[in-house]
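The values are calculated or read from the model by the stated rules, or taken from the named source; none is laboratory data. What you see is a predicted model; the values in this text were computed from it and never measured. Using ideal geometry, Cβ is built from the backbone for each residue, glycine included, and neighbour counts are taken over all protein chains shown. What goes into the accessible areas is simple: the full protein's heavy atoms, side chains included, and nothing from ligands, DNA or RNA. Shrake-Rupley method; radii C 1.70, N 1.55, O 1.52, S 1.80 Å.
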Amino acid sequence: IRIRMCTSMDHGVTWSAPVDLTDQLYGAGCSNPVTKNWYAAWVASGAAHQLRNGRIVAAVGVRQTSANQIDNFMIYSDDAGVTWQPSTGIAEQSGDEAKIVELNNGNLLMSIRNPGVRRMNTSTDKGLTWGTAYNQTDLIEPNCDGDIIRYTSTLDGYDKSRLLHTIPSNSSSRKNASVLISYDEGATWTVNKTIYPGASAYSSITVLPDGTLGMFYENGEYETYQMYFVRFSL
């Protein structure tokens, strides 16, 4: 699988030709002695995340061998996305699509797709190594890709720190696309708001310039998934 990047300098109206990043990250053309042996890797749908120090990070799914097992690692850029490096610290074995957000204490939190409940892991060194993954028991999901972002932080003068997570929530099947809020840096997710109660799946969320939220998600209102965009306030 090739990993390519396009860049827009006009807010998405036009895009550059694809730049192939694969040899920087993994495979036979990569100079990293570990990742050059990876069999396949991809960046899941949804957003990458920029840390306060400027580093851009993204979770990747990796097949280290030709076996079907998918493990989670991280890639990062320290020059605004011009060049990229892989981190060889594994965040989850037998994982799947994942997202990363920076916590107020500087740690990174990775949220990983998993049957039944979401899996989480933290890194204390900006993603170079990871701790032991654990079940986030209040994020019940049907093994589906979702998104996690920061909405506000007390470090920026807000009265509360808020993380937002989108998943098909509290369901054993892909339905009930929802937004959840954590006020304690991902330790608990105490607010759960349904966006669409019917069949729904992958999602991505962003904070718009006026502070409202934009969510792009798969909606199964008809016989196949449609791509819906919804905008709402906190």
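In the elastic network of the chain, a GNM with C-alpha springs shorter than 10 Å, the most mobile of Arg118, Arg52, Arg150 is Arg52. Taking each residue as 0.36 nm, the span from Arg2 to Ala48 lengthens on full extension beyond its C-alpha to C-alpha distance by 14.8 nm.
Only alpha carbons enter this Debye calculation for region 127-227, each as an equal point scatterer, and the log10 of I(q)/I(0) it gives at q = 0.14, 0.16, 0.23 Å⁻¹ is -0.58, -0.73, -1.23.
Distance between the 7 Å Cα→Cβ label points at Ala40 and Val13: 3.9 nm. Is region 1-51 rounded, prolate or oblate when judged by the Cα gyration tensor, a ≥ b ≥ c being the square roots of its eigenvalues, rounded requiring a/c under 1.5 and prolate requiring a/b larger than b/c? Verdict is prolate for region 1-51. Rg/Rh for the chain (Cα atoms only, Rh after Kirkwood) is 0.95. Using only side-chain charges placed at the Cβ, +1 for Lys and Arg and -1 for Asp and Glu, the dipole size of the chain relative to its Cα centre rounds to 180 debye. Extension gain for Met227-Ser31 works out to 66.7 nm (0.36 nm per residue, less the C-alpha to C-alpha distance).
For region 97-211, the solvent-accessible area of protein heavy atoms averages 39 Å² per residue (probe radius 1.4 Å; ligands and nucleic acids excluded). For the chain, a Gaussian network of Cα nodes joined below 10 Å ranks Val179, Val82, Val207 by mean-square fluctuation, and the top entry is Val82. Under a model in which nothing but the beta-carbon of Lys, Arg (+1) and Asp, Glu (-1) is charged, region 85-165 shows a dipole of about 100 debye around its Cα centre.
Stretched out straight at 0.36 nm per residue, the stretch from Asp125 to Asp159 would grow longer than its current Cα-Cα span by 9.5 nm.
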